[in-house]
Amino acid sequence: MTAWEIKGWCPGALRPMQSGDGLVVRIRPPLGRLTPAQAAAIATASQSHGKGIIDLSARANLQLRGVTEASHPRLIDDLRAQGLIDPDIETESLRNLIVTPFRDSETTALAATLAATLARMPRLPGKFGFALDTGPRPVLTGASADIRVERSANGRLILRPEGHPCGQSVTDLALDAVAMAEWFVANGGITNGRGRMAALIARGIVPPRCTLVPAEPLLAPTPGQHAEGILVALAFGQMRAETLCQLATLNHEIRPTPWRMLFLVGATDLPAIPGLITDPADPILRVTACTGAPGCPQGLQDTRNLALQLAPHVPVNQTFHLSGCAKGCAHPAPADLTLTATGQGYDLILDGTASDTPSLTSLTPGAVQDHLQALNAPHL
Ligand code: SF4
């Protein structure tokens, strides 16, 4: 057992997780942003000490794949030189904060305040997280978090526990955030070291003063030009190190987002960079696929090569999830069409999750493609 295999902690850079293609090193960008120099350093480190493949996570983190136990210390040294590594595992695991990529100067200051407060929180479960969503409109409601900082319909700062429709007014962000976390612990939110705010709220246990309605959230933003910059997507939220290296040369601050896209602050146009998606109608954006085999040890079949092949055949306005096994990591919610890999091929599930009962079983890739084409064919 290696030093980082300690139960009860979320994986990070200092304690990577084992995958089918080596260690996965998760970098949590400080305050949710990367300078061009930091982005270039991550790309170089990924090539030097890993496989040169970088994933964007649903918590707006970057994951470097294919790192080995031998190369991990050198990788950490290179990233630490850029201010990307916490002093120890405990500090790293506490820094579970997603910040809206669309922010004003107040949001930037609030992010610094909240980040500095995390060390004063009571001991919380490893997956317990915070979302600072105080840009012009909330955009992080689909991202995993337990305590959200948002604005009310009339612009007041509120603290909203996940699972509750309203929040409480903020007087002092640091004090109020710690108080809500302490309330969660004191009211039985943790059992055997685990627990989430939404589960506590679902039990009818609600913090006091949650009366302020948050501003209307925006749906997940699409790639392309936005008021403050350009949002770029990547097939399956994964890029080669060369892509990040090219983005770094454009000299924009880069903000990873929980939609597995990168926000290039201040960008108004982009050169042609292979792998970047800026067209919201690109069919690959309708497809979700996990790592699958061979990258994930649980993967029963290839996922992403097949997903690339099938994407143009997915009916417009339908969501398609290709899962390497019934766990369904990449898309736990139902999709219009789900393809789950099994030992015998692929099972097709309609309007369900990867573990739901399939309509068709043991399909070959060719049979799946035929089925999608039939769905696309005009009905006479
Ligand atoms: S769904 Fe299965 S194959 Fe895909 S990443 Fe999760 S465990 Fe691995």
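The values are calculated or read from the model by the stated rules, or taken from the named source; none is laboratory data. Just so you know, these numbers come straight off a predicted model, no measurement behind them. Every residue, glycine as well, gets a Cβ built from its backbone with ideal geometry; the counts of neighbours run over all protein chains shown.
Where in segment 235-309 are there strands (runs of 3 or more DSSP E), lying fully within it, with 2 or more residues that are assigned by TED's automatic domain parsing to the domain that holds residue 334?
Output list reads 287-289.
Looking at (1) of a type outside the set (Ser, Thr, Tyr); (2) farther than 18 Å from residue 305 by Cβ; (3) surrounded by 16 or more Cβ atoms within 10 Å (Cβ to Cβ), find the lone condition where residue 345 falls short.
Among (1) of a type outside the set (Ser, Thr, Tyr); (2) farther than 18 Å from residue 305 by Cβ; (3) surrounded by 16 or more Cβ atoms within 10 Å (Cβ to Cβ), residue 345 violates only (2).
Please state which of the following conditions residue 316 fails to meet, knowing it meets all the rest: (1) in a strand (DSSP E or B); (2) surrounded by fewer than 16 Cβ atoms within 10 Å (Cβ to Cβ); (3) β-branched (Val, Ile, Thr).
That leaves (1) as the condition not met.
Quick grid of which residues meet (1) under 22 Å from the mean Cα position of the chain (by Cα); (2) not in a helix (DSSP H, G or I):
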site: 45; (1), (2): yes, no
site: 55; (1), (2): yes, yes
site: 73; (1), (2): no, no
site: 79; (1), (2): yes, no
site: 82; (1), (2): no, yes
site: 102; (1), (2): yes, yes
site: 111; (1), (2): yes, no
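Identify, by number, the condition in (1) surrounded by fewer than 22 Cβ atoms within 10 Å (Cβ to Cβ); (2) in contact with a strand residue (DSSP E or B) (Cβ under 6 Å, 6 or more places away or on another chain); (3) among the hydroxyl-bearing types (Ser, Thr, Tyr) that residue 268 doesn't meet.
Among (1) surrounded by fewer than 22 Cβ atoms within 10 Å (Cβ to Cβ); (2) in contact with a strand residue (DSSP E or B) (Cβ under 6 Å, 6 or more places away or on another chain); (3) among the hydroxyl-bearing types (Ser, Thr, Tyr), the lone unmet condition for residue 268 is (2).
Which fully enclosed strands (runs of 3 or more DSSP E) of segment 320-380 have 2 or more residues being touching a Gly at 6+ places or on another chain (Cβ under 9 Å)?
320-323, 335-342, 360-363
Which one of these does residue 176 not meet: (1) over 15 Å from residue 124 (Cβ atoms); (2) of a type in the set (D, E, K, R); (3) touching a residue at least 24 places away in the same chain (Cβ under 8 Å)?
Checking residue 176 against (1) over 15 Å from residue 124 (Cβ atoms); (2) of a type in the set (D, E, K, R); (3) touching a residue at least 24 places away in the same chain (Cβ under 8 Å), the one that fails is (3).
Of everything in segment 321-330, what is more than 7 Å from the ligand (Cβ to nearest atom) and surrounded by 23 or more Cβ atoms within 10 Å (Cβ to Cβ)? Give them in sequence order.
321, 322
Only one of 257, 278, 291 is under 19 Å from residue 230 (Cα atoms), polar (S, T, N, Q) and touching a Gly at 6+ places or on another chain (Cβ under 8 Å). Can you tell me which?
Every option except 278 fails the conditions.
Counting only residues that are within 24 Å of residue 152 (Cβ to Cβ) and surrounded by 14 or more Cβ atoms within 10 Å (Cβ to Cβ), how many does segment 199-208 have?
Residues meeting the conditions: 5.
Can we say residue 292 is out of contact with any Leu (no Cβ under 6 Å at 6 or more places or on another chain) and within 13 Å of the ligand (Cβ to nearest atom)?
Against the criterion (out of contact with any Leu (no Cβ under 6 Å at 6 or more places or on another chain) and within 13 Å of the ligand (Cβ to nearest atom)), residue 292 qualifies.
Applying the selection to segment 246-265, what residues are crowded, with 18+ Cβ neighbours inside 10 Å, at pLDDT 95 or above and of a type in the set (A, V, I, L, M, F, W, C)?
Once the filter is applied, which keeps residues that are crowded, with 18+ Cβ neighbours inside 10 Å, at pLDDT 95 or above and of a type in the set (A, V, I, L, M, F, W, C), segment 246-265 yields 247, 248, 254, 261, 262, 263, 264.
Would you pick out the residues in segment 331-342 that are surrounded by fewer than 23 Cβ atoms within 10 Å (Cβ to Cβ) and either near the ligand (Cβ under 7 Å from one of its atoms) or over 14 Å from residue 357 (Cβ atoms) (or both)?
Passing the criteria: 331, 332, 333, 336.
All but one of (1) in contact with a strand residue (DSSP E or B) (Cβ under 8 Å, 6 or more places away or on another chain); (2) surrounded by 13 or more Cβ atoms within 10 Å (Cβ to Cβ) hold for residue 211, so report the exception by its number.
Residue 211 satisfies every listed condition except (2).
Report, by residue number, each residue of segment 84-100 that is touching a Ser or Thr at 6+ places or on another chain (Cβ under 9 Å) and part of a loop (DSSP other than H, G, I, E, B).
86, 100, listed by residue number.
Which numbered condition in (1) in contact with a helix residue (DSSP H, G or I) (Cβ under 7 Å, 6 or more places away or on another chain); (2) surrounded by 18 or more Cβ atoms within 10 Å (Cβ to Cβ); (3) under 30 Å from residue 147 (Cα atoms); (4) in the same structural domain as residue 233 (by TED's automatic domain parsing) is the only one that residue 12 fails?
Exception for residue 12: condition (4).
Quick one: is residue 90 modelled with pLDDT under 95, surrounded by fewer than 18 Cβ atoms within 10 Å (Cβ to Cβ) and over 23 Å from residue 161 (Cα atoms)?
yes
Has segment 355-375 got at least one residue that is within 13 Å of the ligand (Cβ to nearest atom), crowded, with 22+ Cβ neighbours inside 10 Å and either within 20 Å of the chain's Cα centre (by Cα) or not assigned by TED's automatic domain parsing to the domain that holds residue 58 (or both)?
No, that holds for no residue.
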